[in-house]
């Protein structure tokens with residue numbers, strides 16, 4: 001299921017209301033504070049979690065967030081879930097980074 005179907009709107013409406021062009025590519029829009037348009041401001045949870053894009057599914061294990069200990073520490077400072085919970089196997093982290101290429 002894709003995002004438009006999940007939201008019961010047309011693909012055109014999704015693009016018009018919830019996306020932007022960033023670095024020449026279509027991307028989900030964000031609010032002035034940098035939050036994704038689908039992040040619920042009160043609960044801090046994703047409103048489209050079951051159909052979130054690969055970029056979101058692979059966070060926080062992007063190449064740029066795991067390339068150095070300092071980069072990972074910076075990620076942990078902005079992402080409340082990073083560095084907490086069950087340990088993720090290294091190969092799974094590497095695969096997420098490969099998939100995202102971010």
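Given axes a ≥ b ≥ c from the Cα gyration tensor, I'd like to know whether segment 58-102 is rounded (a/c under 1.5), prolate (a/b larger than b/c) or oblate.
Working: a/c = 1.73, a/b = 1.21, b/c = 1.43.
Because a/c hits 1.5 or more and a/b fails to exceed b/c, segment 58-102 counts as oblate.
Roughly what angle does helix 90-100 make with the longest principal axis of the chain, taking Cα atoms, 0 to 90 degrees, to the nearest 10? The two axes meet at around 30 degrees. A straight chain from residue 44 to residue 63 at 0.36 nm per residue would run longer than the Cα-Cα distance by 4.4 nm. FRET efficiency for the residue 74 to residue 37 pair, using the beta carbon distance and R₀ = 25 Å, is estimated at 0.55.
For a modelled paramagnetic label at residue 6, 7 Å from Cα along Cα-to-Cβ, the residues of segment 42-58 in reach, with backbone nitrogen under 17 Å, are 43-58. Here the relative contact order of the chain, from alpha carbon pairs under 8 Å that lie six or more residues apart, stands at 21 percent. Matching the structure-derived Cα extents along the principal axes in Å against the labelled list (1) 41, 29, 25; (2) 72, 18, 18; (3) 29, 28, 25 gives the label (1). Going by the alpha-carbon gyration tensor, a ≥ b ≥ c the square roots of its eigenvalues, is segment 1-52 rounded (a/c under 1.5) or, if a/c is not under 1.5, prolate (a/b greater than b/c) versus oblate? Because a/c hits 1.5 or more and a/b fails to exceed b/c, segment 1-52 counts as oblate. Between the alpha-carbon centres of segment 2-46 and segment 51-102 there is a gap of 21 Å.
Taking the C-alpha atoms only, the angle from helix 69-78 to the longest principal axis of the chain is near 40 degrees.
Sum -39500 (n - 2.57) across every DSSP H segment of at least 4 residues in the chain, then divide by the residue count to get the 222 nm mean residue ellipticity, nearest 500.
Details: 6 runs with 42 residues, N = 102.
Calculated from helices alone, the mean residue ellipticity at 222 nm is -10500 deg cm²/dmol.
Read-outs: derived from the displayed coordinates by stated rules, not from any lab. Small disclaimer: the values here were computed from a predicted structure and weren't measured. Here the Cβ is made from the backbone with ideal geometry for all residues, glycine too, and neighbour counts use every protein chain on show.
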